[in-house]
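Down below is the structure, laid out as structure tokens.
The values are calculated or read from the model by the stated rules, or taken from the named source; none is laboratory data. Computed from a prediction, not measured in an experiment: that's the story for all the values here. Don't worry about glycine lacking a Cβ; one is built from the backbone with ideal geometry, like all the others, and counts go over all protein chains shown.
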Amino acid sequence: MGRDFLPRPDNEFRDWSANFIVHLLTGGEALGISLAQCERYEELHDSFVAAYLQSFNVSTRTRPVVEAKNSARKVLEREARMLARIIRANPNVTSPQRAGLRLSIDKPGKSARIGPPAVTPSIVLNATSGRYVAGTIKEHLSVLSRRPRGVAATMLFAFFGDVAPAWPTGWQMLAQVTRSKFTIPLGAEIEPKTRVWVCACYVNGKGETGPVSAKVCIVMADGVSLGLLAA
């Protein structure tokens, strides 16, 4: 198993996160990260640092304080891993950029045992009731719905609007799923008759992604989602 890109000691993780924030705030859009996602991560980082400093101080270090610090770190770690998956899925992010973010990359001259997925997923959206997206993921041009060899999960991305832009500008991560069938709730802010575009890519166990699928969409109606295929 490869080395985790997140440091284990709290002080090293704090420094890693601070560097991550700098790169997000200065180049988040180019990395595929929205301003709202950058601001949320910064808030979670500040909460962890405050809890860490309180737990580090001998005069304020108690069991509840340490537990609060550990809880804040888990939340921040979860957000960091989610953003890292988005960045790794962005084909326009270079190896030097990933290195600046301190995300693990393969060493020159050393090939991975399992390379990035070479196949493309295909998405079929179902007509559903309620405010959620439901569908099935298959390998492109295949009748089988099982995951291809070397694929650990499927990353789903969404864009909300009438005309979907070229990948990856404007797209945001919707979910990461391990099963062929998925049902993902949408937020209450998605208004009726909004077009919800979805695309996907396979990801291996190292977080390396394959090619992105064709875009499909649904139109949110009053209480009903109508599935529509789109080129």
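Couple of notes before you dig in:
- Taken over the stretch 186-217, the criterion of being closer than 20 Å to residue 85 by Cβ, outside any loop (DSSP other than H, G, I, E, B) and touching a Lys or Arg at 6+ places or on another chain (Cβ under 9 Å) is satisfied by 197, 198, 199, 202, 203, 209.
- Residues of the stretch 132-148 satisfying the condition of being crowded, with 16+ Cβ neighbours inside 10 Å and modelled with pLDDT under 75: 147
- Of all residues in the stretch 178-192, those that are over 17 Å from residue 217 (Cβ atoms) have Cβ atoms under 6 Å from Cβ atoms of residues that are part of a loop (DSSP other than H, G, I, E, B), 6 or more apart or on another chain, in 180/145.
- Hey, residue 26 within 30 Å of residue 95 (Cβ to Cβ) and surrounded by fewer than 13 Cβ atoms within 10 Å (Cβ to Cβ) or not: yes
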